[in-house]
Amino acid sequence: GSDGDFNVAVGSQALANLTSGDRNVAVGSYALQENTVASNNVSVGYEAGYSTTIESGSTYIGTYSGKNATGYGNVGVGMQAAQGGSGATFTETVAVGFYALNGLTTGASNTAVGFQALGTLTTGDSNTVLGYQAGNGLTAEGGNTLIGYQASGAVSSTAIGNLASASANISVAVG
């Protein structure tokens, strides 16, 4: 039984392990299943937010969104958005789009919007990308601002435009 207050669970095994967390919403089979004491989380979709245990303030919407993620203040919208690798711990991260930030294992303050945006990033921090497959190919880089279809960068780079590539560290590419 749960001692938590103001929780909503709809679906097989949704919030199944909750002991004392408050104000959680889990809709979908296995949504927030591992949550034991975390509060203020919203997960909608099959296995959305599955691995969240004690972290608070995250929102995951979509099948497998945030499935392996732990950490606080994360947002994942779209199938497998912010799914994270096994044992993933990241914070203050936003992923919107199918497979956006799917492989992240550690990191903070990343924002990825677009189909497969930053889909290959595993350990980077402080990246901001917008566009279809923007930032794909980055694995451990940080500090990039990439905007456009398949825009790519290195470390602390800025690329704006379709297929724009700032391939050197601390570089800018437009067009």
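I'd like the Karplus ³J(HN,Hα) series for segment 105-113: coefficients 6.51, -1.76, 1.60, θ = phi - 60°, whole numbers in Hz, and an x wherever there's a Gly or Pro.
Using θ = phi - 60°, the values come out as 10, 9, x, 8, 6, 9, 10, 10, 10 Hz.
Applying 1/(1 + (r/R0)^6) with R0 = 41 Å to the Cβ-Cβ distance of N162 and A140, what FRET efficiency is obtained, to the nearest 0.05?
About 0.95, to the nearest 0.05.
What residues qualify as long-range amide H neighbours of I147, i.e. H under 5 Å apart, gap of 5 or more or another chain, H built at 1.01 Å from N?
L130, A159, I160, G161
Tell me the label only: which of (i) 1.55; (ii) 1.06; (iii) 1.14 is Cα Rg over 2.2 N^0.38 Å as calculated from this structure?
Answer label, from the structure shown: (ii).
Would you please give the residues with an amide H less than 5 Å from that of T52, counting only those at least 5 places away or on a separate chain, with H modeled from the backbone geometry?
Close amide H contacts, sequence-distant or interchain: E34.
Given segment 29-99, what percent of its DSSP beta bridges are antiparallel, to the nearest 5? If you can, show how the numbers build up before the last one.
Working: 0 of 10 bridges.
The antiparallel fraction comes to roughly 0 percent.
So if I take the centroid of the Cα atoms in segment 123-158 and the same for segment 10-82, what is the distance between those two points in Å?
Comparing the Cα centres of segment 123-158 and segment 10-82, I get a distance of 27 Å.
Starting from the Cα-Cα distance between V37 and S86, subtract it from 0.36 nm times their residue separation and give me the gain in nm to one decimal.
Working: separation 49, 0.36 × 49 = 17.64 nm, distance 2.07 nm.
The V37-S86 span can extend by a further 15.6 nm.
Given a 10 angstrom Cα cut-off, can you work out which residue in S20, S157, S39 is the most mobile in a GNM of the chain?
Looking only at S20, S157, S39, the biggest GNM fluctuation is shown by S20.
Pop the C-beta distance of D3 and Y132 into the FRET formula with R0 = 41 Å and round what comes out to the nearest 0.05.
So, using R0 = 41 Å, E works out to roughly 0.35.
Tell me which of G124, A26, S86 sits at the most positive position along the dipole axis of the chain, charges placed on C-beta atoms (Lys, Arg +1; Asp, Glu -1).
Checked the options; the winner is G124.
Between beta-carbons, use under 13 Å as the cut-off and find the net charge around Y50, counting Lys and Arg +1, Asp and Glu -1. If you can, show how the numbers build up before the last one.
Working: positive: K67; negative: E34, E47, E55.
Around Y50, the charge tally is -2.
Residues of the chain: accessible area per residue at 1.4 Å, in Å²? Write down the numbers at each step before the final one.
Values: 7100 Å² over 175 residues.
That works out to 41 Å² per residue.
What ³J(HN,Hα) values, in whole Hz, does the Karplus curve 6.51 cos²θ - 1.76 cosθ + 1.60 give for segment 128-136 when θ = phi - 60°, with x put for Gly and Pro?
10, 10, 9, x, 4, 6, 5, x, 5
Please report the carbon-and-sulfur percent of the accessible area for segment 11-95; probe 1.4 Å, protein heavy atoms only, DNA, RNA and ligands left out.
On segment 11-95, the fraction of accessible area on carbon and sulfur atoms equals 53 percent.
Placing +1 at every Lys and Arg Cβ and -1 at every Asp and Glu Cβ, with all other atoms neutral, what dipole size does the chain have around its Cα centre, in debye to the nearest 20?
Dipole of the chain, to the nearest 20 debye: 380 debye.
The values are calculated or read from the model by the stated rules, or taken from the named source; none is laboratory data. Fair warning: this is a prediction, and the values are worked out from it, not measured in the lab. Methodologically, a virtual Cβ is constructed for each residue, glycine included, from the backbone with ideal geometry; neighbour enumeration extends over all protein chains shown. The area values use the complete protein model at the heavy-atom level, side chains included, leaving out ligands, DNA and RNA. Shrake-Rupley method; radii C 1.70, N 1.55, O 1.52, S 1.80 Å.
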